[in-house]
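Beneath this line is the structure, given in structure tokens, with notes to follow.
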Amino acid sequence: MRPLTAQMRRRAVREFRRKAILHLLLVAGSLVFLVPFAWLVVTSLKEDEDMSQFPPVWVPRQQVKVLIDGKEAGLAEATYAGKRVKAAVIQERDTGERSLKVLEPSELKGKVFEAPRSAVTKIKQFAPVWRNYPDALAFLPPETNNGLVYVMNTLVLCALTIVGTLLSSSLVAFSFARLKWPGRDPLFMVLLATMMLPGAVTMMPVFLIFRALGWIDTLKPLWAPAFLGSAFNVFLLRQFFLTIPNDLEDAAKIDGCSYFGIYWRIMLPLIKPAMAALTIMTFMGSWNNFMGPLIYISSPLKMPLAYALQLFQTAHGGEPGLLMAASTMMMLPVLLLFFMTQRYFIQGVTLTGIKG
Amino acid sequence: MLVARYTRRIRLRAALAAVLIGLAGLAALGGCRRTAAPEPVNLVVWGLQYGAESKGLEARVKAFEARNKGIKVTVLSMGAGQMNPQKLMTAIVGRVPPDVIHQDRFTIGDWASRDTFGSLDDLIARDQKQPDGIRESDYYHACWAEAVYNGKVYAVPSGTDDRALYYNRTLLRDAGLDPDKPPRTWSELRDFAKKLTKEAPGGSFDRIGFIPNYGNSFLYLYSWQNGGEFMSPDGRKCTMNNPESVASLDYMVSVYDALGGVTRIDSYASGFQAQELDPFLTGKVAMKVDGNWVLESIGRYRPDLDFAVAPAPVPDDRLAQTEGGKPGRFAGQDPFLTWSGGFSYAIPRGAAHREEAWRFIKWMCSPEAALIDSAAQKQYCLSKSRPYIPTISANKRVNEAVMAAFAPTSDRYRKPLKLFMDMMPYAKFRPVTFVGQRLWDEHVRAFDQATHHKETKLTAQSAMDEATRVVQSELDRAHSRDRFPLLGSTAPIVVGSLLVLALLGAAFVGMRRVNGMGRVVRSEAWAGYLFAAPRILGFLALTAGPIVASMFLSFCDYDVLHAPRYVGFQNYIDLFTTDSYYLKTSLYNVGYLALIGIPLGMATGLAIAMLLNSKVGGMSVYRTCFYLPSIVPVVASAVLWAWVLNGDPNRGLLNAAWKATLTPWFGWTPPGWFGAAEWAKPGLIVQGLWGAGGGMILWLAGLQGIPQHLYEAADLDGAGPLVKFRHVTLPMLSPYVFFNLIMGTIGALQEFDRVYVLSGQGAGGSSVGPVDSLLVPVMYLFNNAFKYFKMGYASALAWVLFTIILALTLVQLKSAPRWVHYEAEKK
């Protein structure tokens, strides 16, 4: 092997330094972006009294419990007979006084004494407060004591929206991309133009339409429109249909395949990746849909999660442990979905960006 | 022949497909349809909440069900005790109202005026002689009068409450004050507040003596104490800016200023917790004006707290009764007064079971039910070894019965409770008017603006003038409503049929052209129409139709419950004249968010993308880290960031980091974020930046699309990294910048979800963020459309918003050729 010249060594050092700095920056940046997640989870596992501390408590902890005379008691530190002692809190009086029984040192063991609340320091160890999770579920909604109702509503909503979106958008996009009919192109331009229209303009009349149908306080206004396609999704899938070569279609036509057959048997399988991306985007959209339920749903039993979480916040704003547990539960499925389908996720974003 | 069969088959298949989709939709609809009506009457009651602490309420309702076998009661809290008016309004307008509503009494006038509640006069009169009848004479005047609008009774008062000063005797003693001599006048109160306040290093507090608007007092109480009234007796004039009320607002401001300013206090207060960590119970607040309900939580969480209750302090000359030796302006008046509020039962219009609802209301307001309630609640309290403290009823007979059987045994609670009950005859109540909610919202806004005078530059007088003007214009508008003509059915029918004709014409022309074509082409055309039918239908029903309707609405006054009136351009005029404050504020806020937020977001996304594009190992891991926050549901993200950006450094993560670094280094105090007017929008931007990783994917794709030879050429010219970025990267990315800019602008102008969550709108907040610092156009629109149901006004606003978005997009499109570089064009 040839010995390294001074120049090569310099270049290697420079390259190493560059990489080190880049990694440093990337790690620091990643940390900044991930810290709120950590804070969320930690807060959901902390005791209430640790919520308001400076510097912040990062490790969930609870008072150590010991068995004293067959009963569970908290472990604490206090001063007795001029000495720091380890003792079990055997009684908490309404007046704030605590009764303690000494455990250590051994010469004082078994002695019982009283101390004011402020003179007693709890001994704590790492122990997450899991209770917040079932508690948060039980609070939601208070009427049923079962937060799963919300999860169920959200899942129903997502499923129906996805089915509707996939069916209608692909069918319509197929028509706009592969079939020729008079008025197709002007109509497509009109469709594109409506993408510009802010939802606020049609919000009130659409409410009146659903009111006339008697759909207020049902989930229907939230998913039924999906069966009519949306300009954006149609546009997205149309771009995909356009990229498929004509040969396949022509061959199918010669074989006597119907238009629906071409759509169903030939075209749909070819745009599967786009459909996957659309499925994920639609799922995210309806999982997160907030304004829809805010307008249309008034019974707690029919509310989806996103709105329920906001309600939960107004009701339990003073109990961050519960609130953060509820938030964690709301974002967990989305994060899991992301990890399972990362490829389609990224693809969906790139599609909507570049092709849009 | 063969071809004919062929086309028929195509049509058949296409028709089949359409039918299938239709069926799928119908099946889904059917699946969600409710099952047949249950046998017993299901009485739906809103505004009551069951929970661990409401054993009494539960017993009361159970006893009703036991006495009325055919009725099952469904109790819904609708937001945990806090009735969200938007929900109730939508339910009534949407014709799915509850049967009974337990509603805050001061809003009854408002609801009654809009015909959303039904009058109870016929039922009251019918049962007058019955033993369980509802009789006016049983009720405190302040309570009953609050449920009467235009001479008709719209609700039956249930519970009531009044307010007094709570103070922590230990803290008074520690500060060298006599715990037996609480403040009685405003100036004493301010002195005490200063003496009891302990500042903490870093601009925060260890304790605050007294916060004028903490607890439950509001400007209303101070104003009444000073002899002010918000409305003229006939209810046609808003008199909020009367000298007495302005002086009382000035007083509140002076207390805030004396303690270090509202921003600092709010940032301290944003860390207040509930229940056993309540700041009064933990000594973080030494005195507060609050309602009798606080006794319960003291008994529950701090049985050792050395506290006492006294009437709320009043203006000095009110107590003295004299001025310079002569009888003063308050001569002969009661020195102390209180404010009573509370709830009441009403029956919304269109309720399905009015008779059962009335039976329920009569039961809930009876002494018998109250005794059952108290017994159950007392048993529960004893099981938790805490004292039972009865609540106060609006019905005097109920109070007598309950106090005879369940009065607290210890003086500690009996004395304060007696003080609260004895104050009831001196209670004032908020004016019964259809602008009750508006009056409330505006008085909160005025308070907010006057205390934040450093930012708003407004005095108490000017803030109150503005609030008065807004309420007055609302009053005038309502009174002048009748002069506008009803919108007849002619105009909509003419326009509607013209549109239908145009549509039919287009369809006819299309059919002619299709029929003139060859068979194969024709069949393709038919299939095309059929396949596109869902979106065409959707376009007509959910886009085109609503656009026309929205145009119409914007020229109407329409609250859905009454026939629309044609008002011409009045909605637009109001928007730009009387209500210009809202338009200006919301546009300013959204402009701020867009001008700072969009470039910052783009820069962050691009910076991350460039780091990721630098070919180092582990890129997919880094990419996931940066991308993850952008997929977090908006509501969850907002809830999380409300906590991360908590103003109190002991609680908010970012402020803790700030306090540990920036404060010792530069002496900067941590900002109040969503609790401070000037920091709320930066807070929103910070929260938005967390999701900037979402844009990174696009930037990455763009960066990877830049041909390497351009950089190599630049290298040959001896260009440094900055020059390469400026002259190669940026121009090549300009289409992406352009795309982000347009989408970002359109998105920013329609900001809603996170603002709703972060500004606490769900809790019935009237100002959107401190001093409306988070008021955005769609938020204002939403409130008008679905809280006040001013559909016409909201539509006008929507069109203004649309015009702005359109104009901005056009400007961007027009400017694009000058700076957006498309590589393809050159080829």
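For segment B:200-249: of the residues being part of a loop (DSSP other than H, G, I, E, B) and free of Cβ contacts under 8 Å to residues at least 60 places away in the same chain, which is farthest from B:ALA164 (Cα to Cα)? Looking at residues that are part of a loop (DSSP other than H, G, I, E, B) and free of Cβ contacts under 8 Å to residues at least 60 places away in the same chain, I get B:PRO201. For segment B:253-270, the count of residues that are within 14 Å of chain A (Cβ to nearest Cβ) and hydrophobic (A, V, I, L, M, F, W, C) is at least one. Evaluated against (1) at pLDDT below 85; (2) more than 8 Å from chain A (Cβ to nearest Cβ); (3) in contact with a Ser or Thr (Cβ under 8 Å, 6 or more places away or on another chain), B:SER54 falls short on exactly one condition, (3). For segment B:418-433, residues that are touching a residue at least 60 places away in the same chain (Cβ under 8 Å) and either surrounded by fewer than 20 Cβ atoms within 10 Å (Cβ to Cβ) or in contact with a Pro (Cβ under 6 Å, 6 or more places away or on another chain) (or both) total 4.
Considering B:ASP257, B:ASP266, the condition of being of a type outside the set (A, V, I, L, M), closer than 30 Å to B:TRP658 by Cβ and without any contact (Cβ under 8 Å) to a residue 24 or more places away in the chain is satisfied by B:ASP257 alone.
Filter segment B:92-110 down to the residues that are in contact (Cβ under 8 Å) with a residue 40 or more places away in the chain and facing chain A (nearest Cβ under 10 Å) and list them by number. Correct list: B:ILE92, B:VAL93, B:ARG95, B:PRO97, B:PRO98. Output yes when any residue across segment B:634-655 is within 11 Å of chain A (Cβ to nearest Cβ), in contact (Cβ under 8 Å) with a residue 40 or more places away in the chain and aromatic (Phe, Trp, Tyr), and no when none is. Yes, segment B:634-655 contains a residue that is within 11 Å of chain A (Cβ to nearest Cβ), in contact (Cβ under 8 Å) with a residue 40 or more places away in the chain and aromatic (Phe, Trp, Tyr). B:GLY488 fulfils the conditions (1) farther than 28 Å from B:PRO85 by Cβ; (2) at pLDDT below 90; (3) assigned to a helix (DSSP H, G or I) except for a single criterion, (3). In summary, helices (runs of 4 or more DSSP H) completely within segment B:53-154 and bearing 1 or more residues that are hydrophobic (A, V, I, L, M, F, W, C) and touching a helix residue (DSSP H, G or I) at 6+ places or on another chain (Cβ under 6 Å) occur at B:55-67, B:121-126, B:141-145. Taking the criterion of being within 33 Å of the chain's Cα centre (by Cα) and not assigned by TED's automatic domain parsing to the domain that holds B:SER248, would at least one residue in segment B:396-411 satisfy it? No, that holds for no residue.
Of the helices (runs of 4 or more DSSP H) entirely within segment B:639-711, those holding at least 2 residues that are of a type outside the set (S, T, N, Q) and assigned by TED's automatic domain parsing to the domain that holds B:GLY744 occupy B:677-690, B:693-704. Of all residues in segment A:226-252, those satisfying the criterion of being surrounded by fewer than 21 Cβ atoms within 10 Å (Cβ to Cβ), touching a residue at least 12 places away in the same chain (Cβ under 8 Å) and not hydrophobic (A, V, I, L, M, F, W, C) are A:GLN239, A:GLU249. Is at least one residue of segment B:593-614 within 30 Å of A:LEU31 (Cβ to Cβ), of a type outside the set (A, V, I, L, M, F, W, C) and facing chain A (nearest Cβ under 9 Å)? Within segment B:593-614, one or more residues are within 30 Å of A:LEU31 (Cβ to Cβ), of a type outside the set (A, V, I, L, M, F, W, C) and facing chain A (nearest Cβ under 9 Å). Do the conditions hold for B:GLY597, that is, is it within 30 Å of B:GLY683 (Cβ to Cβ) and small (Gly, Ala, Ser)? For B:GLY597, the condition - within 30 Å of B:GLY683 (Cβ to Cβ) and small (Gly, Ala, Ser) - is met. In segment A:72-90, the residue that is surrounded by the most Cβ atoms within 10 Å (Cβ to Cβ) out of those that are over 44 Å from the mean Cα position of the chain (by Cα) and free of Cβ contacts under 8 Å to residues at least 12 places away in the same chain is A:ARG84.
Picking from residues in segment B:284-304 that are assigned to a loop (DSSP other than H, G, I, E, B) and at pLDDT 90 or above, the one that is nearest to B:ALA677 (Cα to Cα) is B:LYS284. Checked against (1) loosely packed, with under 14 Cβ neighbours inside 10 Å; (2) of a type in the set (Asp, Glu); (3) within 11 Å of another protein chain (Cβ to nearest Cβ), A:ASP69 passes all but condition (3). Among the residues of segment A:21-39, those that are within 30 Å of B:SER637 (Cα to Cα) and more than 7 Å from chain B (Cβ to nearest Cβ) comprise A:LEU24, A:VAL27, A:ALA28, A:LEU31, A:VAL32, A:VAL35, A:PHE37, A:ALA38. Among the residues making up segment B:450-472, a single one is buried (at least 17 other Cβ atoms within 10 Å of the Cβ) and modelled with pLDDT under 90: B:VAL470.
Listed here are the residues, each with its yes/no results for (1) more than 30 Å from B:MET89 (Cβ to Cβ); (2) more than 11 Å from chain B (Cβ to nearest Cβ); (3) in contact (Cβ under 8 Å) with a residue 24 or more places away in the chain; (4) buried (at least 21 other Cβ atoms within 10 Å of the Cβ).
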residue	(1), (2), (3), (4)
A:TYR263	yes, no, yes, yes
A:ALA276	yes, yes, yes, no
A:THR282	yes, yes, yes, yes
A:GLY285	no, no, yes, no
A:TYR296	no, no, yes, yes
A:LEU301	no, no, yes, no
A:MET330	no, no, yes, yes
A:VAL334	yes, no, yes, no
A:GLN347	yes, no, yes, no
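The requirement of being in contact with a His (Cβ under 9 Å, 6 or more places away or on another chain), buried (at least 22 other Cβ atoms within 10 Å of the Cβ), among the aliphatic types (A, V, I, L, M) and closer than 19 Å to B:LEU593 by Cβ is not satisfied by B:ALA642.
Here's the yes/no breakdown for (1) in a helix (DSSP H, G or I); (2) facing another protein chain (nearest Cβ under 7 Å); (3) within 30 Å of A:LEU248 (Cβ to Cβ); (4) aromatic (Phe, Trp, Tyr):
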site: A:SER175; (1), (2), (3), (4): yes, yes, yes, no
site: A:PRO182; (1), (2), (3), (4): no, yes, yes, no
site: A:LEU187; (1), (2), (3), (4): yes, no, yes, no
site: A:THR202; (1), (2), (3), (4): yes, yes, no, no
site: A:ARG211; (1), (2), (3), (4): yes, yes, no, no
site: A:LEU222; (1), (2), (3), (4): yes, no, no, no
site: A:PHE227; (1), (2), (3), (4): yes, yes, yes, yes
site: A:ARG238; (1), (2), (3), (4): yes, no, yes, no
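Of all the residues in segment A:40-49, those that are crowded, with 20+ Cβ neighbours inside 10 Å and either facing chain B (nearest Cβ under 8 Å) or not small (Gly, Ala, Ser) (or both) number 4. Of everything in segment A:88-118 that is within 28 Å of A:VAL42 (Cα to Cα) and part of a helix (DSSP H, G or I), the residue that is farthest from the other protein chains (Cβ to nearest Cβ) is A:SER118. Could you look through segment B:501-558, keep only residues that are polar (S, T, N, Q) and more than 43 Å from the chain's Cα centre (by Cα), and pick out the one that is modelled with the lowest pLDDT? Only one residue fits best here, namely B:ASN515.
Looking only at residues of segment A:177-186 that are out of contact with any Gly (no Cβ under 8 Å at 6 or more places or on another chain) and buried (at least 18 other Cβ atoms within 10 Å of the Cβ), we find that the one that is nearest to A:LEU237 (Cα to Cα) is A:ALA177. The single residue among B:LEU722, B:LEU810, B:LEU797 that is more than 11 Å from chain A (Cβ to nearest Cβ) and assigned to a helix (DSSP H, G or I) turns out to be B:LEU722.
The values are calculated or read from the model by the stated rules, or taken from the named source; none is laboratory data. Keep in mind that this is a model prediction, so the values were computed, not measured. Methodologically, a virtual Cβ is constructed for each residue, glycine included, from the backbone with ideal geometry; neighbour enumeration extends over all protein chains shown.
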